[in-house]
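Have a look at the structure below before the remarks.
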Amino acid sequence: MRPETSFTGPELCARPARDIVAELRKGHLDPADLVTASATRIEQVELTVNATVTTCFTRARDSLADLPDHAGRNARLAGWLAGLPIGIKDLSNVSGVRSTFATLGLKDHVPAASDPMVERLESRGGIVMGKTNTPEFGAGGNSTNLVFGSTRNPWDTRLNAGGSSGGAAVSLATGEVWLSQGSDLMGSLRTPAAHCGIVGLRPSPGSAGGGPSNTIYNGEALSGPMARDIRDTALFLDAMTGWDPRMPLSRRQPETSYQSAVEQAPRPPRIAFSEDQNGFSPVDQDIRAAIRITMETAARAGAEVTETCPDLPYLNETFLTLRGMHYASTTARQPENIRKHYDKTLSANIAYGLAMTTEDIFAAPSRRSQLYEIMRLFLQDHDVLALPTVGTSPGPVEEMYPTVVDGQELPTYEHWLRFSFLSVVTLLPALAMPIGFTETGLPLSLQLIGPPRGEATLLQAAFFIEQALNLPATPIDPIRRH
């Protein structure tokens, strides 16, 4: 059962982003009032959860003066945010704001220019309120670092919020902002979404820009939208989508906006599901039960539901190789004055990448192609594949990763996050969404993987399930348990 809580922050913060934006577009709300409401809410909860670790309220208020110019260019876009406060993960530069990448070597770094995705969101009416917490350079499943400390789960502040977009997820769950940008390499926005009871979408490459600034062709580490429900997620994806030559993987906006697509599903979805991806990783019994109940609920609502999952050879090896290449080509190449501060998790990831053999590297593309073809054919008969987002509920905030799931020991933290691998290797869009609560009141989550370039299909299926479940999506006050 969901625990009984009362929302005590500014009333505006509890409303859906899409409703706020609609009122802003009509001139019925003043963006300055929203900035004040967001700042007030951040101040109310930050000492408890440590999610928005660097704030920029003065910059946010000053940026309101740019809204008329932005509106003149972009107000007709489906993703026009019209003055809505948002959060940016501390792996993206925001001009004039401390942007640390959660590493001691950059703890005082204040960039003069924003990353292209941040510029896009601001040009489309997003008002940046601050930077959200992450592990060092995003390497880890617990959003803790030596610069800012640990982000705590709002459903039980003794627990962790997941990583690496843990601060973003908590900022949404507590109502600090209406939308928050995340990024994903190994479930980095999906795991925190699961742990905090919100939605996180890892898009196809190009649907929300491309790779990090120093590897702009990287299709594995991608930005994506995080929100409190599916329609708000579609709104944020519309705001992120579009061509920019500085992001060479980026694509033009679709003819039908993602918000419109959500409302225009041609039929109930065809859902394939597996409780454990053919035994790929252990799953706690309460998560298995929640997935099965969710599938039964979707079927009663009219979805075509089939328990099936294709065989996926060499998925583990292929993902770990791609991930190793990412760290060997990004964080391993930072200057020595930054590298010397790296913690053991990031250092281990880099060491794995640098130790890979040429056979590992050269085998990955053909194995990846095989896995993509398997999924492409499988998703001709199914709209989405439903899997666990993670196999267990959040653990203590001091714990870097769970070592036992459903009685099975996990040798590394990668094993805990194995359900994130498939979408990254095949570059298929994936989404984590709430499906209920454990007996102790912690969120439960479902992952959906969509077809190639199939964000619209993915969102349609997720919206169908969300409507069938009819769960609340309002923010909560942090819950302190003893």
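Which FRET efficiency value, to the nearest 0.05, do you get for residue 71 and residue 217 by plugging their Cβ-Cβ distance into 1/(1 + (r/R0)^6) with R0 = 30 Å?
Using R0 = 30 Å, I get an efficiency of 0.35.
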Taking a ≥ b ≥ c as the square roots of the Cα gyration tensor eigenvalues, with a/c under 1.5 meaning rounded and otherwise prolate when a/b beats b/c or oblate if not, segment 1-136 comes out oblate
Per its Cα gyration tensor (rounded if a/c is under 1.5, else prolate when a/b beats b/c, else oblate), segment 338-435 is best filed as oblate
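Could you tell me the convex hull volume per residue, in Å³, taken over the Cα atoms of segment 247-355?
206
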Subtracting the Cα-Cα distance of residue 482 and residue 288 from 0.36 nm times their residue separation yields 67.1 nm
Gyration tensor on Cα atoms of the chain, a ≥ b ≥ c root eigenvalues, a/c under 1.5 rounded, else prolate if a/b beats b/c, else oblate, says rounded
Expressed per residue, the solvent accessible area of the chain in Å² (1.4 Å probe) is about 37
A chain fully extended from residue 59 to residue 372 at 0.36 nm per residue, minus the present Cα-Cα distance, gains in nm 108.3 nm
Counting only protein heavy atoms with a 1.4 Å probe and every protein chain in place, the carbon and sulfur fraction of the accessible surface of the chain in whole percent equals 50
Residue 380 and residue 440 label points (each 7 Å along its Cα→Cβ direction) are spaced in nm at 4.6
Distance in Å, no decimals, from the C-alpha centre of segment 438-463 to the one of segment 165-193 is 15
Charge tally for neighbours of residue 184 with beta carbon under 10 Å away, counting Lys, Arg as +1 and Asp, Glu as -1, is +1
Taking r as the C-beta separation of residue 33 and residue 358 and R0 as 60 Å, the FRET efficiency to the nearest 0.05 is 0.55
Length-normalised contact order of the chain, Cα under 8 Å, at least 6 apart, in percent, tallies to 19
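The values are calculated or read from the model by the stated rules, or taken from the named source; none is laboratory data. All figures in this text were calculated on a predicted structure; none of them were measured in a lab. Reconstructed Cβ throughout: ideal geometry from the backbone, glycine too, with neighbour counts over all protein chains shown. Areas reflect the complete protein model, heavy atoms only, side chains present, ligands, DNA and RNA absent. Shrake-Rupley method; radii C 1.70, N 1.55, O 1.52, S 1.80 Å.
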